[in-house]
1. Distance in nm between label sites at ARG288 and ALA316, each 7 Å beyond Cα in the beta-carbon direction?
2. What is the calculated FRET efficiency for LEU5 to ALA134, with r their C-beta to C-beta distance and R₀ = 35 Å, to the nearest 0.05?
3. For a quick check: with amide H placed at 1.01 Å from N, whose amide H comes under 5 Å from VAL291's, ignoring anything fewer than 5 positions away on the same chain?
4. At what distance in nm do the modelled label points of ALA240 and ALA22 sit from each other, each positioned 7 Å from its Cα along Cα→Cβ?
5. Name the lysines eligible as straight-distance cross-link partners of LYS201: C-alpha to C-alpha under 21 Å, and not fewer than 8 places from it in the same chain.
6. Hey, which lysines would be in cross-link range of LYS262, C-alpha to C-alpha under 19 Å, not counting anything within fewer than 8 residues on its own chain?
7. Evaluate the distance, in nm, between pseudo-label points positioned 7 Å from the Cα of ARG158 and of ARG193 along their respective Cα→Cβ axes.
Amino acid sequence: MFEALADALAYDLLGLDPASAAGAAVHFFIQDVTKILALLVGVIYVMGLIRALLSPERVRDYVRGKPRWLARALAILLGAVTPFCSCSSVPLFVGFVEAGIPLGVTFSFLIASPMINEVAVAVLAGVIGWKLTALYVGTGLLVAWVGGVAMERLGPERWVEPYVWKLQAGAGAPRAEVRGLRARHDFAWGEVREIVGRIWKWVLAGVAVGALFHGFVPASWVADNLAGNSSPFVVPAAVALGVPLYSNATGVVPVAEALLGKGVALGTVLALMMSIAALSLPELLILRKVVRWPALGWFAGILAVSFTLVGWVFNALA
């Protein structure tokens, strides 16, 4: 359906040549924008219906007081089902700190939330298939667990800004449980409008980058510079490139699709995706209001090393 629509608009309506770089780029853009937005609306609506039954405050209170391993697992699970980018995860991160949840557990949430969520998983699976999606999710969960444990061993509480400890846990009125089918529909549709309204520009930007790469970057250049596994510096370079390219996991999908289509190694693509989604300069600047620079330096360093190792391992296995 999406391919037929892209054919009609790019080739029939606009009259572009399918064999041209512009034709390939515009076709890629139309097909991916329609596919990703359709998946976004459907998945966010369904998850909105589920979230109408459960407030974030109840989830946070449930995590508090649990054994460390269980609290970490629950925090990662919460991060994996909240469609937040790295910057919008920070307020809930602060709420976790205020509630007395260990900071190492909270960092696990902060890693998992922007990198893995049900929206990104559904979109990623629809674009590149379930096998590659499962690899991305599995490695993302592992990085969130290991990264949180590593931060915990460093004792990051000493780097939290003093005012955070003075904030009362659970400040603000908790959201009441939504009752009734109509109210739940309204809540779910409100989730669609709010989330899609917040991330649509990142979707368009990501698809545009992917389309330009798909249409205008020669496969021979990719093969010579990115596709091979001979140089160990390709993966760290991909991680470093991803830090300033702020987006969420959904916006990264079309870029990953274009890279894989050009023959870029799977590990390199995974490392780039994780870096863009979970390690961004805007996120670090926002986090600076909560924790001091030493914590941010260790956080960024642990993630950069983790993403690089993931890339090297998957490139070696491939």
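1. If labels sit at ARG288 and ALA316, their model points lie 3.6 nm apart.
2. 0.80
3. Amide H to amide H, under 5 Å and 5 or more residues apart or across chains, VAL291 pairs with GLU161.
4. The two pseudo-label positions are separated by 3.6 nm.
5. Straight-distance partners of LYS201: LYS35.
6. Candidates past the 8-residue exclusion: LYS131.
7. Distance between label points: 5.0 nm.
Taken together, the values in this text are just the output of simple stated rules run on the coordinates, not laboratory data. Given the structure is predicted, the values throughout are model-derived calculations rather than measurements. Note that we place each Cβ from the backbone using ideal geometry, even for glycine, and neighbour counts take in every protein chain shown.
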